[in-house]
Amino acid sequence: MPDPQKVLAARVQAALGQAFGEPDADPAIRPSQFADFQANVALALAKKLGRKPRDIAAELVARLDVADVCDKVEISGPGFVNLTLRNEWIAGRAQLMHGDERLSVEPTASPQTTVVEYSSPNVAKEMHVGHLRTTIVGDAIARVLEFLGHEVIRDNHLGDWGTQYGMLIEHLLDVGEDSDEGMLLETDPNSFYQAARGRYDTDEEFAGRARRRLVSLQAGDAETMRHWQRLVDLSKVYLHTVYGRLGVTLTDDDIRGESFYNDMLGATADELAADGIATISDGALCVFPPGFTGRDGGPLPVIIRKSDGGYNYSTSDLATVRYRVDKLTVDRMIYVVGSQQSLHFQMLFAVARMAGWLPDRVRAEHAKIGNVLGSDGKIFRTRSGKSIKLTELLDEAVERAGAAFDEVPHDEPFDEVARREVVEAVGIGAVKYADLSVARDSEYVFDFDRMISFRGNTGPYLQYATARIRSIFRKGGVAPEDALGPIAIDHDAERALALHLLGFGSALETAGETAEPHRLCAYLFDLASAYTTFYENCPVLKAPDDDTRASRLALCALTLRTLSKGLELLGVTTPERM
């Protein structure tokens, strides 16, 4: 990997081993305003070794072998070691990165099997804006981890089981499976659900049939199961449409809904009871994990089996943990779910560990997703208070992107088909990037004007950056893949751009380790900003000589590849022209 921070860390660690017998000490390599990087390890070691930090820094520098990497090594302040890289080293590493199809991002030497649970909508309910974040954040996490070499299991934990399905099946049978109203499950599932709910709440005869149908469903009645499967299949058609438009990588093979774990619930509850982990409380089977208390200060229960004999989400989620650990042999589980479920997951993991179903070797984490807010600071809804349909939101984003696109001057005209494709990519990309660029556990205000803007840290700005680079190659009559360099550095803007390019792999590793796509967004925005400075200060096609032109074209090509790959891993399309 070409990342200078990692290269310097390895060299400093080697010197620490030679000088002090401390090869495992953190070199504490950080970016510095006084040099490219700074090693701060001397301050941390001073107390342990009982020596002055500057003396430690001096001995470290005496043992430090970085002549091939650094142009200057200096001690400053109480014991900081400032490290300035050689231009030739930066250029050489950028050249290696440019010549590698993976941009010098080597697959991890310790691949893990990781399940990423995301999206998870309900059958017969239309996705709303609240599903947007869990869907696209989860998809970005899965893409990044996969590129880093991990085995990723995408898991769409579909809400396809429970009390409402007796109601939905009866309503579908009454209106006719092939009727216009029945086909609303494909086009407007919310309307279908609301019609069924309205009948259930007002028609006692219908409600009685729905309850009896639920009993048949839970008992596995063949005819009822056939109707239930049709209900699920019709909903999948709708999901395909939304996922396709969002460019999300989920498929039918990734669906493991709540129904998948239904046969495991009884055994899960029985084993907890047999091991004495779960006890009866007020007629319900409960686990009281230590450290969780209610408002009254009393122990907080996780209900495993209700007093009426029914099971709930906690039971299903415990069965899910067991399946992933025992059958899928995962090393890591990432639940991309709303922040409001934080306590549920804390208690879920605690119970699973008490039962021995979640061993220490398995990392289970709740990748918290914050709410999407309106301009009033409240949950983003329609004026009537209803959840905003995701399809309507995307339609408006594309419409606004079209208006913004028409205001931007274009070097070449677009026919209507080409314009439609670009506007769709910009509108969808704007919505996705606006979401991904915010720390996933933070709330953010949904603002069309900001996210559609071609200025600032937005999807359109980054998409336009890639299109602008491609236009340079079209004007120069050169294909980006033919711009081989060699790369040389003679200007500060060239140096800053090349140095930032070398951090791509580390940005991906950080995003994957933390399951935080916004870190990759921040890297890409800074890269685009560095390119803008380069573009304004370093003529490319009108460079002073052929060697400089070849070098700058190679830097342009490497920037294009890095931006495009980064946006691809975020699930954002980059149009050829804009």
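The values are calculated or read from the model by the stated rules, or taken from the named source; none is laboratory data. What you see is a predicted model; the values in this text were computed from it and never measured. Note: ideal-geometry Cβ built from the backbone for every residue, glycine included; neighbour counts use all protein chains shown. SASA here: full protein model, heavy atoms, side chains in, ligands and nucleic acids out. Shrake-Rupley method; radii C 1.70, N 1.55, O 1.52, S 1.80 Å.
Just so you know, in segment 363-394 the residues that are more than 30 Å from V325 (Cα to Cα) and of a type in the set (D, E, K, R) include one that is modelled with the highest pLDDT, and it is E392.
Examine segment 118-138 for a residue that is in a strand (DSSP E or B), in contact with a Leu (Cβ under 9 Å, 6 or more places away or on another chain) and within 22 Å of E392 (Cα to Cα), and state whether such a residue exists. Yes - at least one qualifying residue is present in segment 118-138. Checking each residue in segment 192-226 for being acidic (D, E), over 23 Å from P121 (Cβ atoms) and open to solvent by 60 Å² or more (accessible area, probe 1.4 Å) picks out E204, E205, D221, E223.
For segment 4-14, the condition holds for no residue, the condition being that it is part of a loop (DSSP other than H, G, I, E, B), free of Cβ contacts under 8 Å to residues at least 24 places away in the same chain and open to solvent by 50 Å² or more (accessible area, probe 1.4 Å).
Taking into account only those residues within segment 320-338 that are crowded, with 16+ Cβ neighbours inside 10 Å and either among the hydroxyl-bearing types (S, T, Y) or without any contact (Cβ under 8 Å) to a residue 40 or more places away in the chain (or both), which is nearest to E443 (Cα to Cα)? Checked segment 320-338; the qualifying residue nearest to E443 (Cα to Cα) is Y335. Over 36 Å from the mean Cα position of the chain (by Cα) and at pLDDT 95 or above: is that true of D55 in this structure? Here the answer is no, as D55 does not meet what is asked. The condition of being among the hydrophobic types (A, V, I, L, M, F, W, C), open to solvent by less than 20 Å² (accessible area, probe 1.4 Å) and at pLDDT 95 or above holds for only one of V129, V116, that being V116. When every residue of segment 100-111 is checked against the conditions, none turns out to be touching a helix residue (DSSP H, G or I) at 6+ places or on another chain (Cβ under 6 Å), open to solvent by less than 70 Å² (accessible area, probe 1.4 Å) and not in a loop (DSSP other than H, G, I, E, B).
Taken over segment 24-56, the criterion of being without any contact (Cβ under 8 Å) to a residue 40 or more places away in the chain, within 24 Å of D71 (Cα to Cα) and of a type outside the set (A, V, I, L, M) is satisfied by D26, P27, R30, P31, Q33, P53, R54, D55.
Pairing residues of segment 227-244 that are within 13 Å of E126 (Cβ to Cβ) with residues that are part of a helix (DSSP H, G or I) and open to solvent by 10 Å² or more (accessible area, probe 1.4 Å), at Cβ distances under 6 Å and at least 6 apart in sequence or on separate chains, gives L234/E186; V237/E186; Y238/E186. Y261 meets all of the listed conditions (1) open to solvent by less than 20 Å² (accessible area, probe 1.4 Å); (2) not in a helix (DSSP H, G or I) but one, namely (2).
In segment 58-99, of all residues being in a helix (DSSP H, G or I) and basic (K, R), the one that is modelled with the highest pLDDT corresponds to R93. Scanning segment 247-257 for residues that are open to solvent by less than 30 Å² (accessible area, probe 1.4 Å) and at pLDDT below 95 yields one hit, G257.
Determine which member of the set I153, I169 is more than 14 Å from Q229 (Cα to Cα) and modelled with pLDDT of 90 or more. Break it down into steps so the answer makes sense when it comes.
Numbers: I169 fails: more than 14 Å from Q229 (Cα to Cα).
Residue meeting the stated conditions: I153.
Here the helices (runs of 4 or more DSSP H) wholly within segment 459-578 that include at least 2 residues being touching a residue at least 60 places away in the same chain (Cβ under 8 Å), open to solvent by less than 10 Å² (accessible area, probe 1.4 Å) and β-branched (V, I, T) are 459-476, 546-570. If the condition is being within 27 Å of G512 (Cα to Cα) and open to solvent by 10 Å² or more (accessible area, probe 1.4 Å), then segment 282-319 contributes only D317.
Inside segment 339-359, residues that are without any contact (Cβ under 8 Å) to a residue 40 or more places away in the chain and open to solvent by less than 50 Å² (accessible area, probe 1.4 Å) make up a count of 8.
Between a first residue in segment 270-289 that is closer than 15 Å to D308 by Cα and a second residue that is open to solvent by less than 40 Å² (accessible area, probe 1.4 Å) and assigned to a helix (DSSP H, G or I), which pairs have beta carbons less than 6 Å apart while being 6 or more apart in sequence or on different chains? Sorted first by the residue in segment 270-289, then by its partner, the pairs are L285/A269. Being at negative phi, buried (at least 21 other Cβ atoms within 10 Å of the Cβ) and at pLDDT 90 or above is a condition met by no residue of segment 176-191.
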